[in-house]
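Enquirer: Here's a structure for you.
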Amino acid sequence: RHLLSLSSGLAQDVKNIQGHDPAADDIYQHVVDSLPLTSAPGSQFRYGPSHYYAFGVLLQRKLEAAGLDYNPLEYLEATILDKIGLKYEDWIHDPSGNPHLPNGCSITPREWVKFGRFLLQKGNWNGEQIVDSTLIKELFVHDGPNPGHGKFVWLNTQDGYGAYQVMAAPPGSPGGFMYYDGMNEIIGALGAGKNRMYIIPSM
């Protein structure tokens, strides 16, 4: 939960793990072996890539323990993306073959919206419950230090903020940082640059 809510306390080490061409040859191993804790887990929200890569290591270990010969991306493809017919343009890997999890995917809007629909339908696709709906709902609940972030998705919760606390709605706003004037139900997937996907369940 600390990793999913970006409150693991791990340092970020942007030079070695961030972007399309980071310095570390094996990002996953670097995160596990080299990154210190800069705060107690669960105590501070800190936007950055280390949480995602640590989650990748956790998933990799669970897959290996289960005897499954997948990396995290291959597992995502087999269990979700292939089933909803989502095709991405490219997915960056580090020199050791690890898929970049926080920033590696290039995808068209028409394909990305499939994932939005999958979340909106709480893990159901064409009548098949691919992921337990209670797990999908958990993504949209904030139980970390930033009300504006659930579990790997952004929320428009009042008093929540974006990557940094200065990215918050003005004090007293009924909405959150994505839309100041209300609509607290908005769920956001905020990609690189100005790539944005917003899910509004009531609409």
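Enquirer: Given the condition in contact with a helix residue (DSSP H, G or I) (Cβ under 6 Å, 6 or more places away or on another chain) and either open to solvent by 30 Å² or more (accessible area, probe 1.4 Å) or not in a loop (DSSP other than H, G, I, E, B) (or both), answer yes or no: does some residue in segment 115-122 qualify?
Expert: The answer is yes; a qualifying residue exists.
Enquirer: Moving on to the next point. Specify the residue that is farthest from F45 (Cα to Cα); the eligible residues are those in segment 139-154 that are part of a loop (DSSP other than H, G, I, E, B), touching a strand residue (DSSP E or B) at 6+ places or on another chain (Cβ under 8 Å) and open to solvent by less than 40 Å² (accessible area, probe 1.4 Å).
Expert: Step by step, filter segment 139-154, then rank; the result is V153.
Enquirer: Inside segment 1-22, can you point out the residues that are touching a Gly at 6+ places or on another chain (Cβ under 8 Å) and in a helix (DSSP H, G or I)?
Expert: The one that is touching a Gly at 6+ places or on another chain (Cβ under 8 Å) and in a helix (DSSP H, G or I): V14.
Enquirer: Still on this structure, I have one more. Would you check if L73 is crowded, with 17+ Cβ neighbours inside 10 Å, touching a residue at least 40 places away in the same chain (Cβ under 8 Å) and not in a loop (DSSP other than H, G, I, E, B)?
Expert: So L73 does not fit the description; no.
Enquirer: Working only within segment 104-113, note down all residues that are in a loop (DSSP other than H, G, I, E, B) and surrounded by fewer than 16 Cβ atoms within 10 Å (Cβ to Cβ).
Expert: Residue satisfying the conditions is T108 alone.
Enquirer: Give me a count of the residues in segment 54-68 that are surrounded by fewer than 11 Cβ atoms within 10 Å (Cβ to Cβ) and outside any loop (DSSP other than H, G, I, E, B).
Expert: 1
Enquirer: Something else: Of all residues in segment 23-53, count the ones that are under 10 Å from S7 (Cβ atoms) and in a loop (DSSP other than H, G, I, E, B).
Expert: 8
Enquirer: Taking F118, is it within 18 Å of the chain's Cα centre (by Cα), over 28 Å from V31 (Cα atoms) and of a type in the set (F, W, Y)?
Expert: Judged against the criteria, F118 is a match.
Enquirer: May I pose another question? Looking at T157, T134, which is the one that is over 19 Å from Y52 (Cα atoms), part of a loop (DSSP other than H, G, I, E, B) and of a type outside the set (A, V, I, L, M, F, W, C)?
Expert: Checking each option against the conditions leaves just T157.
Enquirer: Also, I was wondering about something else. Just to be sure before I move on: is I80 part of a helix (DSSP H, G or I) and either open to solvent by 70 Å² or more (accessible area, probe 1.4 Å) or more than 19 Å from G150 (Cα to Cα) (or both) in the structure I sent?
Expert: When the stated conditions are applied, I80 passes them.
Enquirer: Determine which member of the set Y28, Y47 is open to solvent by 70 Å² or more (accessible area, probe 1.4 Å), within 20 Å of the chain's Cα centre (by Cα) and either at pLDDT below 95 or of a type outside the set (V, I, T) (or both).
Expert: Answer to the check: Y47.
The values are calculated or read from the model by the stated rules, or taken from the named source; none is laboratory data. Please read all numbers here as calculations on a predicted model, not as lab measurements. Virtual Cβ from ideal backbone geometry, glycine too; neighbours counted across all protein chains shown. The area values use the complete protein model at the heavy-atom level, side chains included, leaving out ligands, DNA and RNA. Shrake-Rupley method; radii C 1.70, N 1.55, O 1.52, S 1.80 Å.
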